[in-house]
Amino acid sequence: MDRVGLYISLEQGLTPEQTSAFSALIQRRLSHEPTAYITGHKEFYGLDFQVARPVLIPRPETELLVEKAIELATTLLTDSCLIADVGTGCGAIAIALATNLPHATIYATDVSSAAVEIARGNCHRHGVSDRITLLQGELLAPLPEPVHLIIANLPYVRSSELVKLSPEISRFEPLLALSGGTDGLEVIEGLVSQAERNLLPGGGILLEIAHDQGQAVCELARRRLPRSKISITTDLRRLDRVVSIFPTWQLTKE
Ligand SMILES: C[S@@+](CC[C@H](N)C(=O)[O-])C[C@H]1O[C@@H](n2cnc3c(N)ncnc32)[C@H](O)[C@@H]1O
């Protein structure tokens, strides 16, 4: 029942069947299952996404990555824009971009075929299946052509930190979506090292990172793409959140 439905039915009691169905849902929440997996939905960038156990529940922090990509694409790539969302999960980033950038054509990849199928359902529900091509595979390997923007919220939790995650995350969200190896940067480094040959001139990479990974990601970007312009964007809490890497050509006017 949505919020309006609840208000107009405040006087209505529950049947015994509804009470027991509701108690079963409460039990799942008491066992730490996240609400989004119980309801099967999560809002991201003003859009509703279907989510299930094979995909990470989209986080509000990731909206900054979408904002940065929209800003770049609208100010600098007005005619057409090719974007790759790598590690798309439920498709949240790709679909938010397709909805807000009518001139964009998007590839969305994920190593998990179950995630790709969930993203496919969300693309269909949001009417953007014609502008998002879903591809299953490792990082940028499935891309059929170079793109202007590579955008990625890849797994970045260090192995040693996995045990410290809340049970909502560690018991329910997919390890494949969380684990970034010993230093947390293994998957990100894999992407950055493949990026140059998958970017069009003037193109760049936007990466979501953990708040304490800014310097380390900048260093690995300088190592892998030495002639790049690299910057960090902080979130509303002033924590490092997005790293932008523009190899060789400058896309920004700064
Ligand atoms: C942190 S989740 C992000 C999901 C979604 N983009 C979001 O922001 O909500 C990372 C995603 O990357 C995928 N992934 C992990 N390793 C990958 C790899 N080597 N190549 C492609 N995708 C990968 C996972 O399956 C997962 O869906």
Inset, instruction - Would you point out the residue of region 1-43, among those that are in contact with a strand residue (DSSP E or B) (Cβ under 7 Å, 6 or more places away or on another chain) and not aliphatic (A, V, I, L, M), that is surrounded by the fewest Cβ atoms within 10 Å (Cβ to Cβ)? - result: 40
Inset, instruction - Kindly indicate which of 163, 192, 128 is over 22 Å from residue 44 (Cα atoms) and either surrounded by 15 or more Cβ atoms within 10 Å (Cβ to Cβ) or within 15 Å of the ligand (Cβ to nearest atom) (or both). - result: 192
Inset, instruction - Determine the pairs where a residue that is among the polar types (S, T, N, Q), located within region 88-99, has a partner that is within 6 Å of the ligand (Cβ to nearest atom) and open to solvent by 10 Å² or more (accessible area, probe 1.4 Å) with Cβ atoms under 7 Å apart, the partner being 6 or more residues away or on another chain. - result: 88/110
Inset, instruction - Among the candidates 138, 208, single out the residue that is surrounded by fewer than 16 Cβ atoms within 10 Å (Cβ to Cβ), among the charged types (D, E, K, R) and within 14 Å of the ligand (Cβ to nearest atom). - result: 138
Inset, instruction - State whether the residues of region 168-182 include one that is under 17 Å from the mean Cα position of the chain (by Cα), more than 21 Å from residue 59 (Cα to Cα) and either within 16 Å of the ligand (Cβ to nearest atom) or open to solvent by 20 Å² or more (accessible area, probe 1.4 Å) (or both). - result: no
Legend entry - For residue 56: the one exception among (1) modelled with pLDDT under 95; (2) within 16 Å of the ligand (Cβ to nearest atom): (1)
Inset, instruction - Filter region 97-125 down to residues that are in contact with an Asp or Glu (Cβ under 8 Å, 6 or more places away or on another chain) and within 10 Å of the ligand (Cβ to nearest atom), then give me how many there are. - result: 5
Inset, instruction - Hey, could you check region 75-128 for residues that are over 20 Å from residue 144 (Cα atoms) and of a type in the set (Ser, Thr, Tyr) and say which is modelled with the lowest pLDDT? - result: 78
Inset, instruction - Select from region 44-68 the residues that are in contact with a helix residue (DSSP H, G or I) (Cβ under 6 Å, 6 or more places away or on another chain) and open to solvent by less than 20 Å² (accessible area, probe 1.4 Å) and list them in ascending order. - result: 44, 49, 51, 55, 57, 58, 66
Inset, instruction - Kindly establish whether residue 219 is crowded, with 18+ Cβ neighbours inside 10 Å, assigned to a helix (DSSP H, G or I) and among the acidic types (Asp, Glu). - result: no
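The values are calculated or read from the model by the stated rules, or taken from the named source; none is laboratory data. Model, not experiment: these values are computed from the prediction. Backbone-built Cβ (ideal geometry, glycine too); neighbour counts: all protein chains shown. Keep in mind that these areas ignore ligands, DNA and RNA; they rest on the heavy atoms of the full protein, side chains included. Shrake-Rupley method; radii C 1.70, N 1.55, O 1.52, S 1.80 Å.
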